[in-house]
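Structure first, then comments.
The values are calculated or read from the model by the stated rules, or taken from the named source; none is laboratory data. None of the values given here were measured: they were computed from a predicted structure. Cβ placement follows ideal geometry from the backbone for every residue including glycine, while neighbour counts extend to all protein chains displayed.
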Amino acid sequence: MELPLQTPRLLLRDFVEDDWGAVHTYAHRPEVSRFMPWGPNSEQDSREFVGRALAAQVASPRLVFEIAVIWRESGQLIGGCHLSVQNQTQGVGEIGYCLHPDFWGRGCAAEASGALLALGFEELQLHRLQATCDPENKGSRRVLEKLGMQLEGRLRQNLQIRGQWRDSLLWSILENEWRGGR
């Protein structure tokens, strides 16, 4: 599989060590991590995230893709997206995304995630991709709907976020649905 991937406005590439500072510009913000089980990040947290992303790049087989999202026009790192193979035998993977708030509401998460779906179904030969989001995260729900993912149900109190148990909504798309919707 070859990175980088290009979309009309974005470049998706592997993280490099020096990216930790750009990651920190959004990962330290409370509004970014509001629905996440991590954060707000300290500088050390952001460095460690990039370190884990670098370690995943050299795993064989590579089952985790932490990918930097770059705004092509400026070359600015604006966020990250994630694809992980959850069950290689069954062909199941999971996607996720996190963007700097300056790029919320512009379709960037859907654009990056659409490239992840293509990566998962075309390159990794997965059968099913899934994602979760907090029921209160309306922006993320819109992204998953835009991708053609189907709401499967609610996972009750499956995440503890800052001392509170939170539900997640489970979304999925199958390879044949993705191909049919293109």
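Conditions (1) at pLDDT 95 or above; (2) within 18 Å of Glu31 (Cα to Cα), marked per residue:
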{"site": "Ala110", "(1), (2)": "yes, no"}
{"site": "Lys138", "(1), (2)": "yes, yes"}
{"site": "Val143", "(1), (2)": "yes, yes"}
{"site": "Ile173", "(1), (2)": "yes, no"}
{"site": "Gly180", "(1), (2)": "no, no"}
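Scanning the range 1-29 for residues that are out of contact with any Gly (no Cβ under 7 Å at 6 or more places or on another chain), touching a residue at least 24 places away in the same chain (Cβ under 8 Å) and more than 30 Å from Gln125 (Cα to Cα) returns Trp20, Gly21, Ala22, Thr25, Arg29.
If you scan the range 1-28, which residues turn out to be touching a His at 6+ places or on another chain (Cβ under 8 Å) and not aromatic (Phe, Trp, Tyr)?
Start the filter on the range 1-28 by keeping residues that are touching a His at 6+ places or on another chain (Cβ under 8 Å), which leaves 25-26.
Thr25 - this is the single residue of the range 1-28 that is touching a His at 6+ places or on another chain (Cβ under 8 Å) and not aromatic (Phe, Trp, Tyr).
Counting only residues that are without any contact (Cβ under 8 Å) to a residue 40 or more places away in the chain and more than 17 Å from Glu94 (Cα to Cα), how many does the range 143-165 have? It would help to see each step written out before you state the result.
The initial filter retains those residues of the range 143-165 that are without any contact (Cβ under 8 Å) to a residue 40 or more places away in the chain, namely 144-158, 162-165.
Remaining after also requiring more than 17 Å from Glu94 (Cα to Cα): 156-157, 162-165.
Total satisfying the criteria: 6.
Residues that are among the charged types (D, E, K, R), exposed (fewer than 12 other Cβ atoms within 10 Å of the Cβ), touching a residue at least 24 places away in the same chain (Cβ under 8 Å) and closer than 23 Å to Leu10 by Cβ do occur in the range 30-40, at least one of them.
For Ala22, are the conditions met, namely being outside any strand (DSSP E or B), small (Gly, Ala, Ser) and within 30 Å of Gln157 (Cα to Cα)?
On the way: outside any strand (DSSP E or B): yes; small (Gly, Ala, Ser): yes; within 30 Å of Gln157 (Cα to Cα): no.
Taking the combined requirement at face value, the residue does not satisfy it.
For Gly75, the conditions (1) of a type in the set (Gly, Ala, Ser); (2) loosely packed, with under 15 Cβ neighbours inside 10 Å; (3) under 23 Å from Gly139 (Cβ atoms) are fulfilled apart from (3).
When you scan the range 85-175 for strands (runs of 3 or more DSSP E) that lie fully inside it, which ones turn up with 2 or more residues that are buried (at least 21 other Cβ atoms within 10 Å of the Cβ)? If you could, list the steps in order and put the result at the bottom.
Details: elements: 92-99, 128-133, 150-161, 164-174.
Filter on the range 85-175 gives 92-99, 128-133, 164-174.
Tallying residues that are in contact with a His (Cβ under 8 Å, 6 or more places away or on another chain), buried (at least 20 other Cβ atoms within 10 Å of the Cβ) and of a type in the set (A, V, I, L, M, F, W, C) within the range 55-72 yields 2.
Taking the range 119-142 as the range and being of a type outside the set (S, T, N, Q) and farther than 26 Å from Gln88 by Cβ as the test, the residues that pass are Asp134, Pro135, Glu136, Lys138, Gly139, Arg141, Arg142.
Of all residues in the range 42-83, which are part of a strand (DSSP E or B), farther than 21 Å from Cys133 by Cα and free of Cβ contacts under 8 Å to residues at least 60 places away in the same chain?
Taking the range 42-83 first, the residues part of a strand (DSSP E or B) are 64-71, 76-83.
Subsequent filtering for residues that are farther than 21 Å from Cys133 by Cα retains 70-71, 76-77.
Gln76, Leu77, listed by residue number.
Picking from Glu145, Glu136, Glu122, Glu111, which residue would you name as being under 13 Å from the mean Cα position of the chain (by Cα) and of a type in the set (D, E, K, R)? Walk me through how you get there before you give the answer.
Numbers: Glu145 fails: under 13 Å from the mean Cα position of the chain (by Cα); Glu136 fails: under 13 Å from the mean Cα position of the chain (by Cα); Glu122 fails: under 13 Å from the mean Cα position of the chain (by Cα).
The unique qualifying residue is Glu111.
On the given criteria, is Ala59 within 17 Å of the chain's Cα centre (by Cα) and among the small types (Gly, Ala, Ser)? Before you say what the answer is, go through the steps one by one.
Values: within 17 Å of the chain's Cα centre (by Cα): no; among the small types (Gly, Ala, Ser): yes.
Taking the combined requirement at face value, the residue does not satisfy it.
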